[in-house]
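I have placed the structure first, in the form of structure tokens, so that the comments after it can refer back to it.
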Amino acid sequence: MPTTTQPTAPNDVEQLARLAQAVADLREQVSGRIVGQAEIVDGVLTALLGGGHALLVGVPGLAKTLLVQTVSEALDLTFNRVQFTPDLMPGDITGTEIVEEEPATGKRVFRFIEGPIFANVVLADEVNRTPPKTQAALLQAMQEHRVTAAGTTYALPDPFFVLATQNPIEQEGTYPLPEAQLDRFMLELRVDYPSRDEEEIIVEQTTGSVEVAIRPVLDGPTLCALQDLVRRIPVSKGLIRAAVKLVRMTRPRDEDAPAAIRQYVEWGAGPRASQYLVLGAKARAALDGRPMADLEDVRSVAQSVLRHRVVSNFAAEADDRTSEDLVQELLEDRAWETAAHPR
């Protein structure tokens, strides 16, 4: 099949091998502090290599915050944590201007003080606990990697990622994330409870006196180079057709939408979902050191890319059907895969 880019050059193949080794080293470092959660770690790495942001959803105590902090240490990136609360203001995130007096002239001048958003990795902890006005402070940063304050635009560090956490069970005093903001998260990762064996290891490790040191295995410039490498991974025209068809099948008014989507979905995923399906597939291939993405790579990221972009309606709530259930039905239907092999 024709590809959307030139075939991977020999130098790129060597870089992919180095990337796969770096990922193996990174997983080893993270596993020294985080027990289990291999799928979530791979999800975070997929977002990082794809240049996207990730939303981690899970009940308290599952090490979501620790996982993000550990990954940032292993990547040797600057890291800031923002605890989102109802009284948090936009300036508390982006920064604010202060008035200073110049000692030599006595003249008063404005000086911009950078907020915690100015870091490579920003952990937005319990992001749904702050009002929409403050949540909106992240929109420009997440999309454009820039911040505008008092009419001046400031560039954020490169690379830049927002990794947000959300508690799905305590909804009192929370503010649901606007759809526009949800759409800017490349992946929504569901953090589940550990297995019995994993929980026993967690308890044993965390109740002792041994502290695990994390050794950085990648720095910022190297990660930026790897992101560029991921974008150069070729994909077939058929894979793009399949990804686009899968996204269009989530839209109830599209001709490809199955009956369940027409019945239970209010709004489907937009074009950004198609982009992230392909980027996510490329990143998954890169994680394994493979020079080309395939349909299984699309399938592996589809649920994380789509479930927070599919808005279900009242009929779905009445019949206890979640957006995750509906996306899973689409994946099991496999009708979208036929677009990769048109007759």
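Things worth noting here:
- In the condition set (1) over 24 Å from Val310 (Cβ atoms); (2) assigned to a loop (DSSP other than H, G, I, E, B), Pro252 is compliant with all but (1).
- Boolean, Leu55 is under 14 Å from Val162 (Cα atoms) and either of a type in the set (Phe, Trp, Tyr) or not in a loop (DSSP other than H, G, I, E, B) (or both): yes
- Options Ala24, Ala47, Ala63; residue that is of a type outside the set (D, E, K, R) and surrounded by 23 or more Cβ atoms within 10 Å (Cβ to Cβ): Ala47
- Tally, over region 145-177, of residues that are modelled with pLDDT under 85 and either of a type in the set (Gly, Ala, Ser) or over 28 Å from Gln227 (Cα atoms) (or both): 14
- Enumeration of residues in region 106-137 that are without any contact (Cβ under 8 Å) to a residue 24 or more places away in the chain, assigned to a strand (DSSP E or B) and not hydrophobic (A, V, I, L, M, F, W, C): Arg108, Arg111
- Where a residue in region 268-279 is in contact (Cβ under 8 Å) with a residue 40 or more places away in the chain and in the same structural domain as Leu326 (by TED's automatic domain parsing) and its partner, wherever it lies, is surrounded by 18 or more Cβ atoms within 10 Å (Cβ to Cβ) and among the polar types (S, T, N, Q), with Cβ under 6 Å and at least six apart: Gly268/Thr250; Ala269/Thr250
- Only one of Ala269, Ala260 that is surrounded by fewer than 24 Cβ atoms within 10 Å (Cβ to Cβ) and touching a helix residue (DSSP H, G or I) at 6+ places or on another chain (Cβ under 8 Å): Ala260
- Region 232-247, residues that are touching a helix residue (DSSP H, G or I) at 6+ places or on another chain (Cβ under 8 Å), among the basic types (Lys, Arg) and at pLDDT 90 or above: Arg241, Lys245
Residues are listed down the side, and each one gets a yes or a no for (1) farther than 26 Å from Ala302 by Cβ; (2) of a type in the set (Ser, Thr, Tyr); (3) at pLDDT below 85:
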position: Ala54; (1), (2), (3): no, no, no
position: Thr65; (1), (2), (3): yes, yes, yes
position: Ser72; (1), (2), (3): yes, yes, yes
position: Arg81; (1), (2), (3): yes, no, no
position: Thr85; (1), (2), (3): yes, yes, no
position: Leu88; (1), (2), (3): yes, no, no
position: Asp92; (1), (2), (3): yes, no, no
position: Glu97; (1), (2), (3): yes, no, yes
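- If only residues of region 319-337 that are without any contact (Cβ under 8 Å) to a residue 12 or more places away in the chain and part of a helix (DSSP H, G or I) are counted, the one that is farthest from the chain's Cα centre (by Cα) is Glu332.
- In region 242-257, residue surrounded by the most Cβ atoms within 10 Å (Cβ to Cβ) [restricted to those that are free of Cβ contacts under 8 Å to residues at least 12 places away in the same chain and of a type outside the set (Asp, Glu)]: Ala257
- Lone qualifier among Leu239, Leu218 - being assigned to a loop (DSSP other than H, G, I, E, B) and surrounded by 12 or more Cβ atoms within 10 Å (Cβ to Cβ): Leu218
- When Asp297 is tested against the conditions (1) assigned by TED's automatic domain parsing to the domain that holds Arg27; (2) touching a Gly at 6+ places or on another chain (Cβ under 9 Å), the lone failure is (1).
- Selection status of Ala149, within 22 Å of the chain's Cα centre (by Cα) and either surrounded by 14 or more Cβ atoms within 10 Å (Cβ to Cβ) or closer than 20 Å to Leu49 by Cα (or both): no
- The residue that is modelled with the highest pLDDT, counting only those in region 31-40 that are surrounded by fewer than 21 Cβ atoms within 10 Å (Cβ to Cβ) and in a helix (DSSP H, G or I), is Glu39.
- Among residues of region 4-29 being among the β-branched types (Val, Ile, Thr) and farther than 28 Å from Asp183 by Cβ, the one that is modelled with the highest pLDDT is Val13.
- The test for being hydrophobic (A, V, I, L, M, F, W, C) and under 30 Å from Leu279 (Cα atoms) does not hold for Phe110.
- Any hit, region 116-126, residues being in contact with an Asp or Glu (Cβ under 9 Å, 6 or more places away or on another chain), closer than 16 Å to Pro178 by Cβ and among the aliphatic types (A, V, I, L, M): no
The values are calculated or read from the model by the stated rules, or taken from the named source; none is laboratory data. Please read these numbers as outputs of a predicted model, since none were measured by experiment. Quick reminder, even Gly has a Cβ in these numbers, built from the backbone with ideal geometry, and neighbours come from all protein chains shown.
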